[in-house]
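Structure record follows, encoded as structure tokens.
Here, each number is a calculation from the coordinates, and none is a lab measurement. Because the structure is predicted, anything quoted here is derived from the model rather than measured. As a convention, Cβ positions derive from the backbone with ideal geometry for all residues, glycine included, and neighbour counts pool all protein chains shown.
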Amino acid sequence: DYYKYHPMPEISNWMVQMAKDHPDVVSIVEYGQTYEKRVIKLLKIGVNTGEKKKAIWMDCGIHAREWIAPAFCQYFVRQILEAYKTDSKMGEMMKNIDFYVTPVLNVDGYIYSWTNETTRLWRKNRSPGTSSCNCYGTDLNRNFNANWGTIGVESDCCSNIYCGTQAVSEPEAQAVTYFVGSRREDFLCFLTIHSYGQLLLVPYGHPNSTAPNYKELMDVGLAAADAIRKVHGKSYTVGTSPAVLYPNSGSSRDWARMQGIPLAYTFELRDDGTFGFELPEDQIKPTCEEAYSGALHIITYAHDKAFNGAVATATALVFSLGFKLVSETAFILICC
Amino acid sequence: MMSVRIIVVLAVLTGVTGSPNVMIKPEADMSAHPNSVPETVEETEIFGQQNVPVLVGEEAEEDVMATGELNPNHYPAQRAAKVVQHYLNTRYGSPYRLFGLQRVNSGNAEDVADSGRKYQLEVTVQEIIGNTTEKCSAEVLFPRGERQGSAQVQASSWEELLKNDTEAQEEALYQEYKMNQSLVTAQNLPDSYGHIEPDMKPLWHLGFVASSFVMLNESTENTLYNMAQVANVTQLPTENDQLKFDYHILLHEMVSQEIIHWKLLFTWSPPEGVKVLQMEQLPHCHHCEKPPNTN
């Protein structure tokens, strides 16, 4: 049921099921380990061409309490697998690119947030603090090697924005860094899914850093927000973190952009604060539908930018010839 | 749709260690819900937590210069506007009337010598339960320096946003809770799945209103508060025809990403609205800490 929240074992089983149901396009890749020694897995989705392919990255659940994010990753996978059968555009994209989707990155934290009501609002991972500090957890989205530890963080390990003992000190961050880093030329786009706030955040989190393709990021982001609004009327604000929300450093989005991945976005899904992290299950469907529309826009743009060229021209030619034929035929039919 | 002008002069307590007096001077026009906090509020901080985040390095350029016309979608205007939401809920919120910030239409900020920074905002406010919206004007003053401020409110008529008739529902709720054989208790509104039982919703709404008093008090230019959850509700015996409640609420502060626990003792009745008797911040969660004898 894609419109309910699922605990980790159910998500893991679902991943296995997806790979079983679509063996030609879906495989599971284990790419790291959490602090508590659980395996971090993603679904690699795409037609196997036997060649090295361009790729799209999506991760969900880097923050444990943001339950709507893993729900969205599951929905996204279901959607692209359905669209691939019927929609030629998705079919084309599946041939040209691979989708790497991690439904839950912070597995330990996510499991912890399911323990009982008092743990529901946990955010960080579950690595223990240093010997001098009495609390658990590092904020994984402050732990990446991107202006690490410079702004929007705390050095107190009890803080919810504690950035860790050093850049990429955390095994979960290491897993992403190694997997994406070793393939960085392949990645066209890096999407990291969070809640809440209804925002599309572009790099960088540091107020003094501007991404070289800032205009492109904003243009594509604004168009994605338009696509989102068309679904259920919800407004998502687009901008850099320091402008729209707060400055931060060490985020996975910033790291991805610094690796050269041109389109890196943080999605902050519903809502605007009324329910916050505890978004009612009856909002899972509309949230996923609108977020899918936004993500798809960015992905399609990234794909078309890489694969456009001859394809687009050929398509245009076919269309114009076809149109000419139809209009001439119509003329003949109507006038005589 | 009528444009409404409110002037919210807001005092924010900074660097609190003692028990400050929070003075809210009620307006002459009290025809609407006079939700209020008594003249002296005891705010005992057991755990002297400062919730102002430490920013290593520069604040965003925007913040240093957040003067003059503001981008309505950027955080300076958004944070100030959220304070307006909290204010509206303290004044006019009820179990059947809650306010949310729908959007900021425009904003302006200026430094006021010796006082602080004043924001002028045009916002669209939503009455959440009845799903109506209204455009409003507001002013928010964040005081600077050592002075303690006080919240002063001048409001023009609020009829449009208050026109949903909630009287009958409020009265029914009031009677039900007053006459109950056993005092109501509840936990986890909403639960982990975002669910609230329909007959518990008014209790959640009440929590929203009561927590707005805390959020109003605690808000600064560096914070953005939302209520995350009502952890516990305990109804206490009715006193002077006022329903009385003890609430344990969880607030989410966006900039620090912290969950902050507060205990609230307050009364409610349809004519009197919510009156907070006591608010007390609770210590950081225990289970975040390692048990002793580790390592």
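Could you please find all residues in region A:107-152 being free of Cβ contacts under 8 Å to residues at least 60 places away in the same chain, away from chain B (no Cβ under 11 Å) and out of contact with any strand residue (DSSP E or B) (no Cβ under 8 Å at 6 or more places or on another chain)? A:GLY109 - this is the single residue of region A:107-152 that is free of Cβ contacts under 8 Å to residues at least 60 places away in the same chain, away from chain B (no Cβ under 11 Å) and out of contact with any strand residue (DSSP E or B) (no Cβ under 8 Å at 6 or more places or on another chain). Just name the residue that is nearest to A:GLY276 (Cα to Cα) out of those in region B:204-238 that are part of a loop (DSSP other than H, G, I, E, B) and of a type in the set (Ser, Thr, Tyr). Taking the candidates together, the pick is B:THR223. Residue count for region B:199-218 under the criterion of being surrounded by fewer than 23 Cβ atoms within 10 Å (Cβ to Cβ) and touching a helix residue (DSSP H, G or I) at 6+ places or on another chain (Cβ under 6 Å): the result is 1.
Inspection of region B:179-198 identifies no residue that is more than 14 Å from every other protein chain (Cβ to nearest Cβ) and touching a helix residue (DSSP H, G or I) at 6+ places or on another chain (Cβ under 6 Å). Is it true that some residue in region A:63-75 is free of Cβ contacts under 8 Å to residues at least 12 places away in the same chain and farther than 28 Å from A:TYR301 by Cβ? Within region A:63-75, none of the residues are free of Cβ contacts under 8 Å to residues at least 12 places away in the same chain and farther than 28 Å from A:TYR301 by Cβ.
Can you tell me which residue in region A:96-120 is farthest from A:ALA306 (Cα to Cα), limited to those that are hydroxyl-bearing (Ser, Thr, Tyr) and assigned to a strand (DSSP E or B)? Let's see the steps before the verdict.
Here is the first cut: in region A:96-120, the residues hydroxyl-bearing (Ser, Thr, Tyr) are A:100, A:102, A:110, A:112-113, A:115, A:118-119.
Still in the running and assigned to a strand (DSSP E or B): A:100, A:102.
Working: A:TYR100: 17, A:THR102: 23 Å.
Across region A:96-120, the extreme among qualifying residues is A:THR102.
Within region A:24-33, being out of contact with any Leu (no Cβ under 9 Å at 6 or more places or on another chain) and polar (S, T, N, Q) holds for one residue alone: A:GLN33.
Do we find a residue being more than 21 Å from the chain's Cα centre (by Cα) and surrounded by 20 or more Cβ atoms within 10 Å (Cβ to Cβ) anywhere in region A:180-195? Within region A:180-195, none of the residues are more than 21 Å from the chain's Cα centre (by Cα) and surrounded by 20 or more Cβ atoms within 10 Å (Cβ to Cβ).
Candidates in region B:221-236 are the residues that are more than 17 Å from the chain's Cα centre (by Cα) and surrounded by fewer than 21 Cβ atoms within 10 Å (Cβ to Cβ); of these, the one that is nearest to the other protein chains (Cβ to nearest Cβ) is B:ASN232.
Please work out if A:TYR100 is within 19 Å of the chain's Cα centre (by Cα) and either buried (at least 24 other Cβ atoms within 10 Å of the Cβ) or over 21 Å from A:MET18 (Cα atoms) (or both). In short, no.
Each residue in region A:257-278 was checked for being in contact with a Lys or Arg (Cβ under 6 Å, 6 or more places away or on another chain) and either more than 26 Å from A:VAL176 (Cβ to Cβ) or within 10 Å of another protein chain (Cβ to nearest Cβ) (or both), and 1 of them qualify.
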